[in-house]
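The values are calculated or read from the model by the stated rules, or taken from the named source; none is laboratory data. Since we're looking at a predicted model, the values are computed, not measured. With ideal geometry, Cβ positions are generated from the backbone for all residues, glycine too; neighbour counts draw on all protein chains shown. Remember, those area values only see protein heavy atoms, side chains included, never the ligands or the DNA or RNA. Shrake-Rupley method; radii C 1.70, N 1.55, O 1.52, S 1.80 Å.
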Amino acid sequence: MRRLFQPWGSPVALLLILVILARRSESSVLCNETYNPCEELLWKGSECRQGVCSNPFEKGCLVGMASTLQDEEKKEMLYSFLNKYNPSQIRVCSSDDPPTASAQGLCVNHSTSSTDRRQQDELYADYKEVRILSQNWESAYFSAWIMQIILSELLHVPTTIESLTRNHSLHNNFYDPLSRLEYGDTDIWSALKRANQLEASDCTLVQQRDDDDEEYQSCGNVVMESWYGVTEETQRHLEQGTIENLVPLGAIGQQALFVTKFTAEADPTILNLHGIQGDANRHKLAATFKRPTTWRDYCELVSPSNCTDPDDTVAQRPPLDEFEYDRMHVPDMYTGHFRDTDDNNCTLHPDTCTGHIADFPCGWTSYVIPQMYHNKIALRSEGKEQSKGYTYQQLSDMWAAANATNSNLVGIWWTPEAIHSTYLGSRAEMQRISLTWPTQQCQEKRIANEDRCNYETIEQQVGVPEGSCDEAPQMLYKNIVKNMHTATYHPSIPEAKRSPAYDTIKLFSISELQQSDILQAWINRNIDKWGFDLRMATCEYVVDNLDHIESLIPRTYPRVVREGSVYEDPLMMSALAWATLATVLTIASTIITYVRRECYAIRYAQLDFLLLLLLGLFLICLGAVVTVMDPNDFACSLSLWLVVLGYTIQLIPAIVKASAIHKLMKAAQRLQRLDLPKTQLFGTVLGVTTGVIIYLAVWTAMDPRQRKNEFFIHEEEVTEHGQTIVTMEPYCSSSGAFWNFVALAWYCFMMLMATVLAFKSRHIREEFNESKTLFLMVYAHFLFLVLLVASLLFDGALPEAYLVAIRSFIYSTDSIVTLLIYFLPKFTAHNEPRHMMHRQTSAVFPGNHNQIGGSSSIMNRFSPDHRNGSGQPGSSSFFNGHNSAPQDTSSIFNANRHQQERSPSTEESEEKPANDEDQ
């Protein structure tokens, strides 16, 4: 027997006393190929596996019961309940299930999409698994299993059981294939701390199904039953943030002194302190409560034949090993025996004789010694522990022996608990003994638990009289790791996809009377007591109390998914119409530009440059159209490519041209010659666009934008079955946010470059009017970029579909404004006669020898002499081409790089104004 320590440092033993290796067990219903009693003894659906009967509830408690009920009305009601919450009827898979469990039809795996339940799968796929610490006593198992059934079968939340070792945890799962049960350890704090440190409190991050016990890391999100509230250790973990404030379970626990019912019936005074206190009652107690005898002691000290006589009515044989030596009762082998010893002999010891009381072992909390000492009750425990207590096995054997032999027994016990429930209604039913009324002062004066066995003086062991009162009833609590709330209500999780696990655990309640009913049902079944019977009692309780179970489910559950109609919304339809109008205007502008290509305004701005801008605008408008259409995976990627490439092809030429104008102005101010080839425009655009295409290709290959769904809950809309309606709206997204950040950074970089150039060129002379509209267009782009970034800040705050519509409006409006600012003035410009064109500044990007020229070069226009009106020519021209007509061809990007330069003197004589009017 291992020594047990209280996981909470609380003054209660009842949480711990079932930790015993003797209870490690598997299903006891054996079978083979020729003998298969599984369905007859357990339940329909049980099969013979590995020589034992399997768990018929492997697919789920509710579906397992519904398929076999004989009561048609109850069966119909159960199926109706199941269909309301879980149309698939079988439970959800967990990390304890083998990888093939879903394919075998044992459970539903929402993380693998299925065509017939795609909507439901996506709604539930992100629910994190919940791991419940089982503890090691039956009432805690019942609460853990009821919660596992609710979460796994009704709310689609994967749920497992944590018993601090790998095998114990697997075997204690309600859905264990072989209905095994292992009573594990109770050191809960390391498991809770680990879960609280994990992202989203997800224990699957540190646990794998095939871990062995050496590499296994215990991890649990919740303890469904803990005693005595806020103790010192609990308070420490509250302060450290491991758990949140304790939540009442609803049950009341009671640890007290109990006596067999037939003893109380014979002498009712025993149930009260005054009937057992003082020397006046010493002899009565010594005569009433004899010492229990171990099997070995009976054979060696009592049996005349040393238990070799088969006619012995107490022992059928001697014990065989050390475990049997100390047993107090073994069914069909040793009924148990109570006897008088010298300690009971009041004739020999009239002032010191005592009766017997059964006390807990070391490591469990008990106040029997102080209570007996200070209240002067002549009862003593005589176990082998330092505290004179007994092991749990011996304690449970004593109650069985007292019942079998009709012998009086008094001892410490607790309720709700299995042994207590075992004898309810029998003559050996436990009757509580009342001591002095418990007070807060008494609670504070109790001895420390460790002083029961580790004491130096008798005063240390018995404590002070003020600490010897009776024990008060205790509210039972639930312990929940603190980050479970944080993970559930994280802002990134939309309400419609929020797991119901946390709220369900908080709402869960069960009374001590309900626990007692489950314990009683388990005990009465008595077919596979330490295996399937526990599961059957739990499942029967759930089926018989559906109204109570439903009251534990949070509001807005269950839910049913419906296809949304956001793309038929007026906002989306308006965005589509606006994007279509922008596309039509762009196409019309392209046609007008080409038709009027000989007009001076278009020739001045250059056709090639304008067509590049219009191509970019066209792609953006197409992207705006595709963005607000009902998406599929191809459309999601297409809209991305259109918008990113569109802005690149539109803005890069504008940046290059703005940069060229800025360089031209600087060169003019320094009276320098500037030769910028036209191929620089197209080379830059081609190079940058190629880089963007490569980035988009990598993005699409590694993390393509795909159709995903956004869910919205409509709390006031419910079906006739009481299901809250959740609508599913599609949108496009990639898995990682990195790609979008890079694309946004690229937009910002282009805008920044264009804006800086616009700012630097703000003082260009009025007659160089191409720069005016160009930079006004850039500033407009900048404003729309600000709006686009602002829309990104609302991610999660507004439905994604509406944000898509807003962004489509931004793309379309940006394009239309660009057409109005930059292209409309060119379409409406007066077509001046050729003899007036010498007043306009030379074209920036000439593509042939038919350039629009003026009577003087830009350098001469901006020379100091010209500005001062001296009539003297500038020092040098920009450069001239070879034209048959006497017109200026000075430009920034000159296609005729091979032209011959002329001497400055010749240029000056040619560029000298003929008269004052030309000047």
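Residues to consider are Gly389, Gly383, Gly355; find the one that is on the phi < 0 side of the Ramachandran plot and surrounded by fewer than 22 Cβ atoms within 10 Å (Cβ to Cβ).
Going through Gly389, Gly383, Gly355 in turn, the sole match is Gly383.
Which of (1) open to solvent by 30 Å² or more (accessible area, probe 1.4 Å); (2) touching a residue at least 60 places away in the same chain (Cβ under 8 Å); (3) assigned to a helix (DSSP H, G or I) does Ala601 not meet, given it meets every other one?
Looking at each condition in turn, Ala601 falls short on (1).
Out of Gln680, Gln706, report the one residue that is out of contact with any Leu (no Cβ under 9 Å at 6 or more places or on another chain), more than 28 Å from Phe782 (Cα to Cα) and polar (S, T, N, Q). Steps first, please.
Working: Gln680 fails: more than 28 Å from Phe782 (Cα to Cα).
Being out of contact with any Leu (no Cβ under 9 Å at 6 or more places or on another chain), more than 28 Å from Phe782 (Cα to Cα) and polar (S, T, N, Q) holds for just one of Gln680, Gln706, which is Gln706.
Taking the stretch 400-436 only, how many residues are open to solvent by less than 30 Å² (accessible area, probe 1.4 Å), touching a helix residue (DSSP H, G or I) at 6+ places or on another chain (Cβ under 6 Å) and either part of a loop (DSSP other than H, G, I, E, B) or closer than 16 Å to Phe262 by Cα (or both)?
6
Considering only the stretch 472-481, I want to know if a residue exists there that is of a type in the set (A, V, I, L, M, F, W, C) and surrounded by fewer than 19 Cβ atoms within 10 Å (Cβ to Cβ).
Yes: the stretch 472-481 contains one or more residues that are of a type in the set (A, V, I, L, M, F, W, C) and surrounded by fewer than 19 Cβ atoms within 10 Å (Cβ to Cβ).
Within the stretch 146-174, work out how many residues are under 21 Å from Ile90 (Cβ atoms), in a helix (DSSP H, G or I) and open to solvent by less than 10 Å² (accessible area, probe 1.4 Å).
So the answer is 9.
Of everything in the stretch 788-826 that's part of a helix (DSSP H, G or I) and surrounded by fewer than 16 Cβ atoms within 10 Å (Cβ to Cβ), which residue is farthest from the chain's Cα centre (by Cα)?
Within the stretch 788-826, the subset part of a helix (DSSP H, G or I) is 788-792, 800-826.
If we keep only those that are surrounded by fewer than 16 Cβ atoms within 10 Å (Cβ to Cβ) as well, we get 789-790, 792, 820, 824-825.
On the way: Val789: 29, Ala790: 29, Leu792: 24, Leu820: 50, Leu824: 55, Pro825: 57 Å.
Among residues in the stretch 788-826 that are part of a helix (DSSP H, G or I) and surrounded by fewer than 16 Cβ atoms within 10 Å (Cβ to Cβ), the one farthest from the chain's Cα centre (by Cα) is Pro825.
Do you know which residues across the stretch 316-340 are out of contact with any Lys or Arg (no Cβ under 6 Å at 6 or more places or on another chain), open to solvent by 60 Å² or more (accessible area, probe 1.4 Å) and not charged (D, E, K, R)?
Scanning the stretch 316-340 gives Gln316, Leu320, Phe323, Pro331, Met333.
Looking only at residues in the stretch 703-714 that are part of a strand (DSSP E or B) and open to solvent by less than 70 Å² (accessible area, probe 1.4 Å), which one is farthest from Asp121 (Cα to Cα)?
Restricting attention to the stretch 703-714, the residues satisfying the condition of being part of a strand (DSSP E or B) are 706-714.
Right, trim to open to solvent by less than 70 Å² (accessible area, probe 1.4 Å) and you get 708-714.
Details: Lys708: 12, Asn709: 11, Glu710: 13, Phe711: 12, Phe712: 15, Ile713: 16, His714: 19 Å.
Applying the filter and picking the extreme gives His714.
Within the stretch 807-826, count every residue that is at pLDDT below 90 and aliphatic (A, V, I, L, M).
2
Identify, by number, the condition in (1) surrounded by fewer than 19 Cβ atoms within 10 Å (Cβ to Cβ); (2) modelled with pLDDT of 90 or more; (3) among the polar types (S, T, N, Q) that Gln443 doesn't meet.
So the condition that Gln443 fails would be (2).
Return the total of residues in the stretch 58-73 being assigned to a helix (DSSP H, G or I) and either over 19 Å from Cys48 (Cβ atoms) or open to solvent by 20 Å² or more (accessible area, probe 1.4 Å) (or both).
Going through the stretch 58-73 one residue at a time, the tally reaches 7.
Taking the condition open to solvent by less than 80 Å² (accessible area, probe 1.4 Å), free of Cβ contacts under 8 Å to residues at least 40 places away in the same chain, of a type in the set (Val, Ile, Thr) and in a loop (DSSP other than H, G, I, E, B), does Thr100 pass?
yes
Can you tell me which residue is nearest to Ala256 (Cα to Cα) among those in the stretch 273-315 that are open to solvent by 90 Å² or more (accessible area, probe 1.4 Å) and hydroxyl-bearing (Ser, Thr, Tyr)?
Going through the qualifying residues, I end up with Thr313.
Can you tell me which condition His662 does not meet? The list is (1) in contact (Cβ under 8 Å) with a residue 24 or more places away in the chain; (2) within 25 Å of Val628 (Cβ to Cβ); (3) of a type outside the set (Gly, Ala, Ser), and all the others hold.
The failed condition is (2).
So, of the residues in the stretch 482-510 that are among the hydroxyl-bearing types (Ser, Thr, Tyr) and open to solvent by 30 Å² or more (accessible area, probe 1.4 Å), which turns out to be farthest from Glu129 (Cα to Cα)?
Across the stretch 482-510, the extreme among qualifying residues is Ser509.
Quick one: what pairs do we get from the stretch 302-329, first residue touching a residue at least 40 places away in the same chain (Cβ under 8 Å), second of a type in the set (Asp, Glu), C-beta under 6 Å, 6+ apart or different chains?
Arg327/Asp397; Met328/Asp397; His329/Asp397
Among the residues of the stretch 631-643, is any over 41 Å from the mean Cα position of the chain (by Cα) and surrounded by fewer than 17 Cβ atoms within 10 Å (Cβ to Cβ)?
Taking every residue of the stretch 631-643 in turn, none turns out to be over 41 Å from the mean Cα position of the chain (by Cα) and surrounded by fewer than 17 Cβ atoms within 10 Å (Cβ to Cβ).
Looking only at the stretch 446-486, count how many residues are among the aliphatic types (A, V, I, L, M) and more than 45 Å from the chain's Cα centre (by Cα). Spell out the reasoning first.
Quick first cut of the stretch 446-486, residues among the aliphatic types (A, V, I, L, M) only: 447-448, 458, 462, 464, 472, 475-476, 480-481, 484.
Retained after the next criterion (residues that are more than 45 Å from the chain's Cα centre (by Cα)): 458, 462, 464.
Matching residues across the stretch 446-486 total 3.
Could you please let me know if Leu696 is modelled with pLDDT of 85 or more, farther than 27 Å from Glu563 by Cβ and under 35 Å from the mean Cα position of the chain (by Cα)?
When the stated conditions are applied, Leu696 passes them.
List pairs: first in the stretch 569-593 and open to solvent by 40 Å² or more (accessible area, probe 1.4 Å), second not hydrophobic (A, V, I, L, M, F, W, C), Cβ under 7 Å, 6+ apart or cross-chain?
Pairs found: Leu571/Tyr802; Trp578/Ser812.
Residue pairs, Cβ under 6 Å, 6 or more apart or interchain, first in the stretch 276-287 and closer than 9 Å to Thr354 by Cα, second open to solvent by less than 50 Å² (accessible area, probe 1.4 Å) and assigned to a helix (DSSP H, G or I). List them.
Close Cβ pairs (under 6 Å, with a partner that is open to solvent by less than 50 Å² (accessible area, probe 1.4 Å) and assigned to a helix (DSSP H, G or I)) amount to Ala286/Asn344.
With the requirement that a residue be among the aromatic types (Phe, Trp, Tyr) and over 25 Å from Gln197 (Cα atoms), what does the stretch 217-263 give you?
Selection gives Tyr228, Phe258, Phe262.
Residues to consider are Thr263, Thr234; find the one that is assigned to a helix (DSSP H, G or I), modelled with pLDDT under 95 and open to solvent by less than 10 Å² (accessible area, probe 1.4 Å).
On the way: Thr263 fails: modelled with pLDDT under 95.
Going through Thr263, Thr234 in turn, just one is assigned to a helix (DSSP H, G or I), modelled with pLDDT under 95 and open to solvent by less than 10 Å² (accessible area, probe 1.4 Å): Thr234.
Out of the residues in the stretch 542-568 that are in a helix (DSSP H, G or I) and either hydrophobic (A, V, I, L, M, F, W, C) or within 16 Å of Asp630 (Cβ to Cβ) (or both), state the one that is most open to solvent (accessible area, probe 1.4 Å).
Selected residue: Glu568.
For the stretch 524-541, what are the residues that are open to solvent by 10 Å² or more (accessible area, probe 1.4 Å) and of a type outside the set (D, E, K, R)?
Those that are open to solvent by 10 Å² or more (accessible area, probe 1.4 Å) and of a type outside the set (D, E, K, R): Asn524, Asn526, Ile527, Trp530, Tyr541.
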